[in-house]
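Trainee: I have a structure I would like to understand better, so I am pasting it below and will then ask my questions one at a time.
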Amino acid sequence: MRIALLGQPNCGKSALFNAVAGYKTAVSNFPGTTMEYVSSRVCLQGESFELVDLPGIYSLSTPEKEELLTRDYLLKKKPDLVVNIVDSSVLSRSLELTLELLELGLPLVVSLNMIDEARRKGIEIDVEHLSEDLGVPVVPTISIRGEGVPELFQKAVAAAKERRIGKTFFFSMDVERTVSHLSSLLGKDTADKLGVPTRMLAIKLLEEDEEFHAAVERASPVVIREVERLRGDLAECHGRPSDMVISSERHSLAMNLFEHVAKVKRRTEKSLRDQVDRYLMHPFLGYIILGLMLVTFFGFVFSLGKHLEAPLLGWFEALALYLSSWMEKTSVILALLTGLIQGFSGGIGIVLPVSA
Ligand SMILES: Nc1nc2c(ncn2[C@@H]2O[C@H](COP(=O)(O)OP(=O)(O)O)[C@@H](O)[C@H]2O)c(=O)[nH]1
Ligand SMILES: [Mg+2]
């Protein structure tokens, strides 16, 4: 079985991967490219899985070549389960990708990662509710500390076996009417050939996805003419291109979800870390503090070296004298030991007294 880790860049995918991956990890290239992904064989609940850390993507509807490679991997390799890692501290933005993954129809588990950061920002997330709304397991995690990771993978294995697919999220009425009309035109066969659910194919065509557009055009040019007409109607009705209509529909669904499951507490007092950060990250004061820290640090190292140098060198000298009085002058061992001691004291003599 294969489990793929997927999320936006910097959400903590690699930290999660490292928390469970065995010491034997393999780096592979996407076919015909220099882009890499990492995988590892892991043993979860007595079964062996291939765990794959895919490059981060913001959306499945993307013109970026690198991001399309991750999408291609999902469509062609069809992992048995996707662990969608979301950055809980920017939950509503992250949920847009989750909604797209639900459209993809693969078994899914959501890792609410960086829950510590979310709490620090005063964001409280009702995990149960989010799981109910999405129709898939949701587990809060702090992947750098390994917190929540065992529970996440326990639910992941169960969901992979059950092939649990989440809920379908519907857009507003007129957009939904266009999506379902197009779905019925496309039919299941065309979508199956492309390895995606019919609904997702219809949505991607309305989003002007080049790859799917070209594929459907090859298979059925008549349908593509209807797709273009529907795009035009949608754009005219909403006053913006059809891809933007779909992305703003998803955006508002994600916002609604966020408002349903999360509360943002107004913080009255700033945490110590925030207060320290205010000075350390200041565009002017930050550099002065950095300079002072470096001067203090090097000053400490140099003055310590100055005081340690003489006693340490004296000690090495005494040791060499003691050995030469105790061993024969021509002994090879004495020559070796004296060489070793001189090497050490020479090294210390170079490193410590830079300031002397
Ligand atoms: N506070 C916090 N930081 C995290 C957590 N997970 C990852 N990070 C940090 O977020 C940054 C990005 O993590 P990384 O695993 O490289 O993200 P990737 O780009 O998704 O692979 C790193 O600095 C991690 O130390 C978490 O749960 N809590
Ligand atoms: Mg990474």
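Trainee: Which of the lysines could a cross-linker bridge to LYS155, judged by Cα under 25 Å and excluding same-chain residues fewer than eight apart?
Mentor: Excluding near neighbours in sequence, the set is LYS13, LYS24, LYS76, LYS77, LYS78, LYS167.
Trainee: Also, I was wondering about something else. Using the 10 angstrom Cβ neighbour count as an exposure proxy, how do LYS121, LYS155, LYS188, LYS204 rank, fewest first?
Mentor: Ordered from fewest to most neighbouring Cβ atoms within 10 Å, LYS121, LYS155, LYS188, LYS204 come out as LYS188, LYS121, LYS155, LYS204.
Trainee: Along the Cα→Cβ direction, 7 angstrom out, place labels at VAL222 and ASP116. What is the inter-label distance in nm?
Mentor: The two pseudo-label positions are separated by 6.0 nm.
Trainee: Per 0.36 nm of contour for each residue apart, how much would the distance between VAL276 and ALA310 grow if the chain were fully extended, relative to their Cα-Cα spacing?
Mentor: Gain in length upon complete extension: 8.3 nm.
Trainee: Over the Cα atoms of the stretch 22-169, what Rg and Dmax result, in angstrom?
Mentor: Taking only Cα atoms of the stretch 22-169, I get Rg and Dmax of 15.3, 45 Å.
Trainee: Using R₀ = 45 Å, calculate the FRET efficiency as 1/(1 + (r/R₀)^6) where r is the Cβ-Cβ separation of GLU147 and VAL351; round to 0.05.
Mentor: Calculated value: 0.65.
Trainee: Under 12 Å from a point placed 7 Å out from the Cα of LYS78 along the Cα-to-Cβ direction: which residues of the stretch 175-202 have their backbone N that close?
Mentor: It comes to 192-197, nothing else.
Trainee: Hey, another quick one. LYS265 label point, 7 Å along Cα→Cβ, cut-off 14 Å on backbone N: hits in the stretch 112-128?
Mentor: Counting only backbone N, you get 116-126.
Trainee: Counting other Cβ atoms within 10 Å, which chymotrypsin sites (Phe, Trp or Tyr not before Pro) in the stretch 267-305 have at most 15 and lie in a DSSP loop?
Mentor: PHE284
Trainee: Please order MET293, MET114, MET35 by the number of other Cβ within 10 Å, starting at the fewest.
Mentor: MET293, MET35, MET114
Trainee: Are there DSSP H segments in the chain that both extend 15 Å or more along their axis (alpha-carbon positions) and score a mean Kyte-Doolittle hydropathy of at least 0.0? List them, or say none.
Mentor: 91-104, 149-162, 242-261, 285-326, 332-351
Trainee: Just to confirm the filter: which chymotrypsin sites (Phe, Trp or Tyr not before Pro) across the stretch 119-196 are DSSP coil and have at most 16 other Cβ within 10 angstrom of their Cβ?
Mentor: Those satisfying the criteria are PHE170.
Trainee: In what order do THR70, THR25, THR296 fall by count of nearby beta-carbon atoms within 10 Å, going from fewest to most?
Mentor: Lowest count first: THR296, THR25, THR70.
Trainee: From the residues VAL139, CYS43, LEU54, which one has its Cα farthest along the dipole of the stretch 28-164 in the positive direction, the dipole being from +1 and -1 charges on Cβ of Lys/Arg and Asp/Glu about the Cα centre?
Mentor: CYS43
Trainee: In vacuum, with every alpha carbon of the chain counted as one equal point scatterer, what does the Debye formula give for log10 I(q)/I(0) at q = 0.12 Å⁻¹? Two decimals, please.
Mentor: Results for the chain at q = 0.12 Å⁻¹ read -0.94.
Trainee: What FRET efficiency, computed as 1/(1 + (r/R0)^6) with R0 = 51 Å and r the Cβ-Cβ distance, is obtained for HIS251 and LEU340, rounded to the nearest 0.05?
Mentor: With R0 = 51 Å, the Cβ-Cβ based efficiency is 0.15.
Since every read-out is calculated from the coordinates, none of them should be taken as a lab result. The structure displayed is predicted, hence computed values, not measured ones. Backbone-built Cβ (ideal geometry, glycine too); neighbour counts: all protein chains shown.
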